[in-house]
1. Could you tell me which of the residues 116, 52, 111, 58 is within 14 Å of ligand 2 (Cβ to nearest atom) and of a type in the set (D, E, K, R)?
2. Consider only pairs whose beta carbons are under 6 Å apart and that are at least six residues apart or on different chains; among these, list those whose first residue lies in the stretch 142-161 and is in a loop (DSSP other than H, G, I, E, B) and whose second residue is basic (Lys, Arg).
3. Considering every residue within the stretch 308-331, establish whether at least one is surrounded by 14 or more Cβ atoms within 10 Å (Cβ to Cβ), among the polar types (S, T, N, Q) and over 30 Å from residue 168 (Cα atoms).
4. Which members of the stretch 217-273 meet the condition of being at pLDDT below 85 and assigned to a helix (DSSP H, G or I)?
5. Given the conditions (1) buried (at least 20 other Cβ atoms within 10 Å of the Cβ); (2) within 14 Å of ligand 1 (Cβ to nearest atom); (3) closer than 21 Å to residue 147 by Cα, report the number of the one that residue 7 does not fulfil.
6. Inspect all residues belonging to the stretch 109-121 and state whether any of them is among the basic types (Lys, Arg), in contact with a Phe, Trp or Tyr (Cβ under 9 Å, 6 or more places away or on another chain), closer than 16 Å to residue 52 by Cα and assigned by TED's automatic domain parsing to the domain that holds residue 199.
7. Limited to the stretch 160-219, what total is found for residues that are surrounded by fewer than 17 Cβ atoms within 10 Å (Cβ to Cβ) and under 12 Å from the mean Cα position of the chain (by Cα)?
8. Please pick out the residue among 254, 274, 341 that is surrounded by 14 or more Cβ atoms within 10 Å (Cβ to Cβ), assigned by TED's automatic domain parsing to the domain that holds residue 380 and within 15 Å of residue 399 (Cα to Cα).
Amino acid sequence: MRFTEKQTYAWKHILTNPHKQKILFDGGARSGKTVVLIEYIFARAFQFPGAKQLIARKFRSSAENSVWNETIRDYAARCPASGTLFHLVDSKLKILFENGSEIIVTGLDDKERVEKVRGTQYITIYLNEATELSYQTMLDVSSRLSQKVVDSFGRMAVPKMLIDCNPRGPRHWLYSVGVLHVNPETGEPLPDAGIWARLHWSAYDNRENLSPEYLAILENYPEVMKQRMLWGKWIASEGQVYSEFQTDVHVLKPFHIPDEWTKLRSIDFGFTNPFVCLWGALDHDGNLYIYRELYQRGILTGDHAKNIRRLSGPERILMTVADHDAEERAELNANGIPTDPAEKQVLLGIQEVQKRLKEKKLFFFSSLKHTLSEMDSYTWLPPSEERNAKEEPRKMDDHAMDALRYMVMACRNGFEKSIKNLFRKCLR
Ligand SMILES: Nc1ncnc2c1ncn2[C@@H]1O[C@H](COP(=O)(O)OP(=O)(O)O)[C@@H](O)[C@H]1O
Ligand SMILES: [Mg+2]
């Protein structure tokens, strides 16, 4: 096989460069990323006897269908050393080398498999289609890059973390880590930014190995899909509900909220789905700043109440609006978080958020990773026979979005009502 020009560049300047130890190849579909990564992993297996190398994707089944069945089998089929210097163990998705090296393909979708990964040391970890994984998973597995092996010249193997993916929205953690080299939670530069390298790919980089028909399919995709899959650009998703939302306008570096600003909270209940609490503050001009989020699954409401109180600290909260579930609200109330029922009309709430975005009266702290990620992925259902365009948002990744609507509606009308109530209570 002859490398494409891009693959040759990737090999010479990035993969084999000992100073580049964390590597992201992001880009279009079928642009030649996985092929060159697999070539490189095999070369390392030959070079470093006894080396262990891991190839992981979120789901084992997709690792098997793509990396194993396509790329690895293809490599074995054209490599003359296959069957002698190494052989594939299909049932275990393992490649065993005569020199003692091993390549293990796995999924990170199962506790036992993750434990096994945790219990081993590797010289290479390749995370395939890594946008499917969480940042925490990447951190977890990258700590396993600690195997020490040498080649026949006594040179120690440099640990390598290899990552590939198709792009998503620009607020995905992998964009922060792999492209900007900043911590997605704090926005601070990564302490190891110097060893990161990123190469951006387009399907056109692999033109010589792709049919014109395939490229034509990509060229005719809807715009956002085309930008991502053909050109490999990180852009926000199609049919985005909050298309007015712009990072450089609406996302702010966290600052201290003055004590005298009015503070509110809004809550969307969930157990299997995440439970979300947002904190917002209004300045004297009526600008709303969403400054804190609690976003957690699998925790009882009473415990959330404790966390909310702890996070709020000494802040004076004028009101907390919540979804209407009576039992949950009673539970919060019993634990020191009295709530008002939220205004729940979906379209009205969305319009109100859009209006604030357009008028630049709604801002988010950059630390709110779940809320910001939902701002990107919150999309309209496509029009159908029963439904016009922009009539109904997709019920996916919408938990912080629900809480945000409640918050904004509370600022609009509930707010005055609640002040009147307060007065009434005081007068009584
Ligand atoms: N140097 C090459 N020579 C021949 N075919 C290649 C080469 N590089 C990639 N291909 C083929 O192009 C297709 C896409 O490559 P792949 O590495 O899987 O892309 P990506 O991982 O970027 O989606 C595959 O069918 C692969 O076999
Ligand atoms: Mg690939």
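1. The conditions single out 58.
2. What qualifies is 147/52.
3. Yes, because at least one residue in the stretch 308-331 is surrounded by 14 or more Cβ atoms within 10 Å (Cβ to Cβ), among the polar types (S, T, N, Q) and over 30 Å from residue 168 (Cα atoms).
4. Correct list: 223, 224, 225, 247, 248, 249.
5. (3)
6. Within the stretch 109-121, not a single residue is among the basic types (Lys, Arg), in contact with a Phe, Trp or Tyr (Cβ under 9 Å, 6 or more places away or on another chain), closer than 16 Å to residue 52 by Cα and assigned by TED's automatic domain parsing to the domain that holds residue 199.
7. Count: 2.
8. 274 is the lone residue from the list that is surrounded by 14 or more Cβ atoms within 10 Å (Cβ to Cβ), assigned by TED's automatic domain parsing to the domain that holds residue 380 and within 15 Å of residue 399 (Cα to Cα).
The values are calculated or read from the model by the stated rules, or taken from the named source; none is laboratory data. The model shown is predicted, which means the values in this text are computed figures rather than measured ones. Because the Cβ atoms are built from the backbone with ideal geometry, glycine has one as well, and the counts that use them run over all protein chains shown.
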